[in-house]
1. Specify the residue that is most open to solvent (accessible area, probe 1.4 Å); the eligible residues are those in region 225-250 that are free of Cβ contacts under 8 Å to residues at least 40 places away in the same chain and farther than 23 Å from Thr279 by Cα.
2. Tally up the residues in region 251-260 that are touching a residue at least 24 places away in the same chain (Cβ under 8 Å) and either closer than 17 Å to Arg180 by Cβ or touching a strand residue (DSSP E or B) at 6+ places or on another chain (Cβ under 6 Å) (or both), please.
Amino acid sequence: MSGAAGGGGGSSCLGAAAAASCSSAGSPYAAAAGGGAGVAGRLPARVLEHIFCYLELSDLMRCSLVCWHWSNILADENSEVWRSLCNRTLSEEALRSDILCNLPTYKGKLKAYQHGLSSHDCSRNVYVKKNGFTLHRNPIAQSTDGARGKIGFSEGRHAWEIWWEGPLGTVAVIGIATKRASMQCQGYVALLGSDDQSWGWNLVDNNLLHNGEVNGNFPQCNNAPKYQIGERIRVILDMDDKTLAFERGFEFLGVAFRGLPKACLFPAVSAVYGNTEVTMVYLGKPLDG
């Protein structure tokens, strides 16, 4: 069985270019801190924390690389800095509902928002609600519609939760996809897994799908229970071992796919039922145990 830490792990494809820029000698952040020995580097923690409360996430990530003193201040993921940014960034619905209930820290909630389903990388027949985490499919006949996460992964281990908040219809698939995989097609089909660019688990039939073929039943047990609306499925992508696995109710269901390609893979979902909704929350690096 595996859990997940809200802090995240591994490297994303939209990786560390910005972070690397702040480590250069010419960085304004490094100049201000003087490598930790300048005036800014000697400011009391409470003063720096107050200043940091006015910065955005990209600035804070750069600041954490300036010197040990700044990094140590930002290491507390439930500090006033992260709470302030969380309240400015996330919707009231996301903060007050149980959407983020499995993320104990403010920084973890912000990372989940960063990794949410994309409103720009999806079928024209779906949209991401104002809470930033829930996908709504419009009632369009004879269409299968999907969406990718904002950030994909080419290395490291990553976990996210996904659950349906409406009827599944005849096909409801969760899984992963490359940027080349289509997010819309005609008819009611298993879009994820319909080509060699995506891998999916159809929750309706308990089938694994890839390259247009059924790769067996999942989970591999007799009389496997059907998915229940509202049930959270945990997806575990291991880009080091090139595997995709699933959990349900903290029960490890097993590895669904092995031998994944060395490519940038994105969390993905596809749906067919009109007005159904699907929520995805990135959890971070999974922990064994």
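1. The qualifying residue most open to solvent (accessible area, probe 1.4 Å) is Asp241.
2. 4
The values are calculated or read from the model by the stated rules, or taken from the named source; none is laboratory data. Because the structure is predicted, anything quoted here is derived from the model rather than measured. Neighbour counts run over all protein chains shown; Cβ positions are idealised from the backbone, glycine included. What goes into the accessible areas is simple: the full protein's heavy atoms, side chains included, and nothing from ligands, DNA or RNA. Shrake-Rupley method; radii C 1.70, N 1.55, O 1.52, S 1.80 Å.
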